[in-house]
Amino acid sequence: MAKEGQIILNPTDILKDPYVFEFLGIPENKPILEKDLELKLLRHIEDFLLELGKGFMFVGSQYRITLNNTHYYVDLVFYNKILKSYVLFDLKSTKFQAENVGQMNMYLNYFKTEINQEEDVEPIGIILCADKDNVAAEYALGGLTNQIFASKYVYYLPDKEMLIREIQKFLLEEKS
């Protein structure tokens, strides 16, 4: 890792959980509307790109998709030049909900059919939420043909004790 940096071979290599948005300056535990979060991320797009990791290029926000005279809007669209794939973000200011998956699945099917070029790999969807229940997310996301992931975001890195507890919790989940 020290010699080669981040190695990206498949979509899970670009995922983070959680994403850390310290650069936004939002007080911890302060509720924020999805639109306000999106605007703050766009104002700090360079910092956001750094948080996303290697190979990301910004395509647009509120990317309009029209199906049968109905407009839908993808919150944030990026392209990862290493994976050769569009990466769609759906921002949620609340806890992950199973119904978020259907919306993202529709976006990915549209991109796969209408936007992707021949050389592009299937698009990736990330539902970025304020909180998530890993068990509910596992069941909601399991068995899909599209690559959809759920990650949570935080405004600040936790203190040392909290970080140790989270790592221990993660290790326990991995064993089971």
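Take the conditions (1) surrounded by 15 or more Cβ atoms within 10 Å (Cβ to Cβ); (2) within 23 Å of LEU33 (Cβ to Cβ); (3) β-branched (Val, Ile, Thr); THR94 misses just one of them, which is (1).
Which of the numbered conditions does GLY55 fail, given that it passes all the others? Conditions: (1) touching a helix residue (DSSP H, G or I) at 6+ places or on another chain (Cβ under 7 Å); (2) more than 15 Å from TYR153 (Cβ to Cβ); (3) among the small types (Gly, Ala, Ser). Result: GLY55 fails condition (1) only. A residue that is more than 22 Å from ASN134 (Cβ to Cβ), touching a residue at least 60 places away in the same chain (Cβ under 8 Å) and loosely packed, with under 13 Cβ neighbours inside 10 Å can be found somewhere in segment 31-41.
For segment 61-101, the candidate set comprises residues that are free of Cβ contacts under 8 Å to residues at least 24 places away in the same chain and out of contact with any helix residue (DSSP H, G or I) (no Cβ under 9 Å at 6 or more places or on another chain); within that set, the residue that is nearest to HIS44 (Cα to Cα) is TYR79. Every condition in (1) surrounded by 13 or more Cβ atoms within 10 Å (Cβ to Cβ); (2) at pLDDT 90 or above; (3) not in a loop (DSSP other than H, G, I, E, B) holds for ASP13 except the one numbered (2).
On the stretch given as segment 125-176, residues that are of a type in the set (Val, Ile, Thr) and more than 28 Å from LEU88 (Cβ to Cβ) total 2.
Counting only strands (runs of 3 or more DSSP E) that sit wholly inside segment 69-170, those with at least 3 residues that are more than 21 Å from PRO18 (Cα to Cα) are 70-80. Checking each residue in segment 118-148 for being touching a residue at least 12 places away in the same chain (Cβ under 8 Å), of a type outside the set (S, T, N, Q), surrounded by fewer than 19 Cβ atoms within 10 Å (Cβ to Cβ) and closer than 19 Å to LEU83 by Cβ picks out GLU119, ASP120, VAL121, GLU122, LEU144. One residue stands out in segment 130-150 among those that are of a type in the set (Gly, Ala, Ser) and under 15 Å from the mean Cα position of the chain (by Cα): the one that is nearest to MET106 (Cα to Cα), namely ALA150. Condition test on VAL59, is it surrounded by 11 or more Cβ atoms within 10 Å (Cβ to Cβ), aliphatic (A, V, I, L, M) and in a strand (DSSP E or B)? Considered against the rule, which asks whether it is surrounded by 11 or more Cβ atoms within 10 Å (Cβ to Cβ), aliphatic (A, V, I, L, M) and in a strand (DSSP E or B), VAL59 comes out as yes.
Looking only at segment 16-56, residues that are assigned to a loop (DSSP other than H, G, I, E, B), closer than 22 Å to ILE115 by Cβ and among the acidic types (Asp, Glu) come to 0 in all.
The values are calculated or read from the model by the stated rules, or taken from the named source; none is laboratory data. Nothing here was measured: the structure is a model prediction, and the numbers come from that model. Methodologically, a virtual Cβ is constructed for each residue, glycine included, from the backbone with ideal geometry; neighbour enumeration extends over all protein chains shown.
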